[in-house]
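One structure is given here, and the rest of the page talks about it.
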Amino acid sequence: MSEPIKPLLTSRYGVKESWKLANAESAGAYATARQALTTRKPEELKEEVKKANIRGRGGAGFPAGVKWGFLNPQAGEQIYLVINADESEPGTFKDRSIMDLDPHRLVEGAIISCYAIGAPVAYIYVRGELAFSLKRLEQAIAEARQAGYLGERPFGVDLGHPIEIYVHSGAGAYICGEETALLNSLEGRRGEPRLKPPFPAVKGVFGMPTIVNNVETIASVPDIIEMGGDAWSLLSRLPGDGGVRIYGVSGHVKNPGLFEAPVGITMRELIDDYAGGMLGDRPLKAVIPGGSSTPVLDPRRKVHAPAEDHPLHKWHGMSEIDVPMGVDTYRALGTMLGTCCAIVMDDSVNMVEACRNLMRFYKHESCGQCTPCREGTGWLVDVLNNLVHGRGKTEDVDLLVNISNNMMGNTICAFADGTAMPMLGMVQKFREEFMEAAVNGVPDGVRHDDSVRGMVEGAA
Amino acid sequence: MAFSLSPERERQVDEILTHYPERRAALLPVLWLCQRQNGWISPEVVNYVAERLGLSTAIIKGVVTFYTMFFDEPVGENVVWVCRTLSCDLRGGKAIQDHLEKRLGCTAGRTSSDGKFTLLKAECLAACGQAPMVQINDYYYENLDLELLDRIIDAHADKGGEAAAAELSTFARFGTPRRNDRLAQASAPPPPTEEAVRVASQPPPAAEASNAGGDES
């Protein structure tokens with residue numbers, strides 16, 4: 001049983017009308033920004049973020065402090081901060097809660113970050129569906145500007161540059177969460193990813209050096225600066241992967257939702273202690289750990305790391321879901337931590353059907369720029385449709401693997417890898433179910449929403 | 001007939017243009033303003049935006065067709081997006097879609113015969129912990145069951161009923177998107193009692209707003 005922690009990121013979620021400046025401020029908002037802008041140097045702040053070992057919360061897990069260090073603006077270049085609020089990874093719903101329930105934390109984080117990296121303008125790119133979050137943010141920004149926390153002289157300090165924050169709405173495209181697609185979309189173009197290098201820190205939005213960070217990453221900055229990077233980092237249970245984060249759980253648990261906890265709790269803790277255990281106490285069959293692009297975990301499988309220098313040796317022989325959730329531990333496990341929002345499936349779920357659901361998502365969302373991705377995602381869906389509808393052959397299971405292998409690494413952005421990796425993980429871990437489907441199809445009785453369908457319908 | 005924005009929205013365009021060093025960057029925000037006024041991005045809207053931002057119509061059509069939320073044909077008075085990605089489907093997303101199709105008399109991708117509702121399937125709308133859910137116009141409706149869904153559709157069907165519907169949206173009761181008292185008891189799905197349904201569809205008190213922080217562990 002994990003000990004509850006004092007909430008940091010979510011500490012104001014329960015404050016009445018927390019999105020209003022007066023309420024947020026009496027609960028502590030902007031004190032850190034004021035202190036940072038009036039008494040500290042940008043270099044010190046950058047150093048704190050580096051010491052905090054905060055791994056990017058958008059899914060890739062890149063250390064934010066290191067990313068900031070890539071900035072090296074040439075004469076005449078303006079630095080931009082872009083905050084990625086295009087939260088669209090299936091299973092992920094954490095950033096929206098920050099924008100809706102504590103927008104001033106994000107604004108405060110953006111002010112401190114702009115000051116630290118020397119950016120006069122920050123754009124918050126919000127996915128188009130979140131019209132409500134967009135309004136909340138715009139109101140929060142307007143209030144902060146009114147109070148003199150933004151503009152020419154934030155907090156009355158002459159920084160040598162103003163700080164302005166603008167909200168920019170997307171219009172429905174998962175791919176715009178990819179940072180260079182996001183930059184294209186921000187520039188008024190189709191959201192197609194750019195070839196890298198140059199990376200955004202060198203040539204980003206409007207051809208200028210740009211830092212792209214996730215909402216939760218930026219929202220963590222005020223706590224990092226207030227506590228100091230070292231102390232904040234130590235909140236984590238893992239080395240090199242600091243702090244606390246917001247975990248999400250959806251699917252077949254009793255208590256789906258968001259939970260703030262230290263980095264490094266285990267999936268078992270997350271499901272049993274935080275999310276209240278399995279819905280109807282049915283057995284856990286599989287869990288997608290951090291958004292649909294992260295390969296599935298199978299609780300029956302044991303960690304195999306007999307060598308003493310293996311990063312997972314400590315958990316040798318234990319279930320996959322007993323490994324602490326960290327960027328590096330999960331990579332060693334052959335999956336990814338991603339956005340840290342888990343999709344939990346009980347034994348009623350047919351994995352071929354679950355897989356088909358996700359692959360339909362990728363087919364719909366592929367931007368179409370690169371052939372392996374555009375054609376591969378559609379082909380995977382075709383093959384899975386055949387399997388589910390009883391038109392499949394046993395060779396189709398290997399065909400799924402073959403298609404996936406030919407998508408990986410052959411495209412401009414990571415979308416194709418993000419499709420192929422979970423596909424391969426599904427076939428690897430639940431091969432017998434795919435073989436079974438190839439012979440018998442998937443009978444209606446095991447379609448994946450059966451265990452709750454009655455509850456939804458029963459009310460009518 | 002040529003399209004033009006209302007004077008108020010024109011002022012908003014002027015303001016938006018100050019946010020960016022390049023005019024083109026205002027394209028998505030300006031398209032949004034036009035769609036809010038016109039309901040969809042008609043050829044006249046494309047011509048207007050091309051002129052306003054100094055872009056070719058081909059560029060604008062390329063952008064409009066890339067993004068799911070820009071409509072290049074007319075839609076109903078209300079647009080219903082039903083989320084069918086995995087987290088929602090695990091909690092009954094298909095039942096929600098089936099019910100809407102029956103209720104509105106049209107399949108997903110079509111508009112009801114009275115022109116009031118366009119029903120569309122959506123990919124993940126970032127509300128996975130509150131599944132199943134639909135988005136109608138600007139509002140998210142989460143933790144749905146069919147009874148609540150019917151009330152929401154009833155409210156939206158009334159002209160000017162959007163405010164009443166919004167009261168049922170998650171945002172009116174956000175932060176307590178849970179109904180787990182009922183779900184927790186469900187093993188092999190028992191028929192929900194009248195009482196349970198009533199509790200489920202009532203806005204929970206705001207004081208319980210946080211379900212974060214691990215305080216339930």
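Please treat every number below as a calculation from the coordinates, not as lab data. Remember, predicted model here, so these are calculated numbers, not experimental data. Heads up, the Cβs are rebuilt from the backbone with ideal geometry, glycines too, and the neighbour counts pull from every protein chain shown.
Here is how the numbers come out for the structure above:
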| item | result |
| --- | --- |
| Protection proxy ranking, peptides A:280-287, A:38-45, A:168-175, A:150-157, average beta carbon neighbours within 10 Å, highest first | A:168-175, A:280-287, A:150-157, A:38-45 |
| Environment charge at A:ASN402 (Cβ cut-off 12 Å; Lys +1, Arg +1, Asp -1, Glu -1) | -3 |
| Ranking of B:VAL46, B:VAL79, A:VAL352 by count of other Cβ atoms within 10 Å, fewest first | B:VAL79, B:VAL46, A:VAL352 |
| Cα-projected label distance for A:LEU195 with B:GLU8, points at 7 Å along beta-carbon direction, nm | 4.8 |
| Where a label projected 7 Å from the Cα of A:GLN74 along Cα→Cβ would reach, residues of the range A:187-223 with amide N under 17 Å | A:197-210 |
| Sorted peptide list for A:295-305, A:180-190, criterion being average Cβ within 10 angstrom, highest first | A:180-190, A:295-305 |
| Order of B:CYS88, B:CYS34 - criterion: other Cβ atoms within 10 Å of each residue's Cβ, fewest first | B:CYS34, B:CYS88 |
| Gain in span if fully extended, A:LYS41 to A:ASP309, counting 0.36 nm per residue against the direct Cα distance | 92.4 nm |
| A:PHE62 versus A:VAL446: modelled label distance in nm, points set 7 Å from Cα along the beta carbon direction | 4.1 |
| Shielding of B:136-145 by partner chains, average beta-carbon count, 10 Å | 3 |
| For residues of B:64-77, the mean tally of beta carbons on other chains within 10 Å | 3 |
| Proxy reagent accessibility, fewest Cβ within 10 Å first, across B:LEU168, A:LEU424 | A:LEU424, B:LEU168 |
| Between the range A:330-359 and the range B:107-144, the Cα center-to-center distance that results, in Å | 24 |
| Residues B:ARG23 and A:ARG153, FRET efficiency given R0 of 25 Å [Cβ-Cβ distance, rounded to 0.05] | 0.30 |
| Average beta carbon contacts from partner chains per residue of A:205-211, 10 Å cutoff | 2 |
| Between the range B:15-84 and the range A:106-133, the Cα center-to-center distance that results, in Å | 23 |
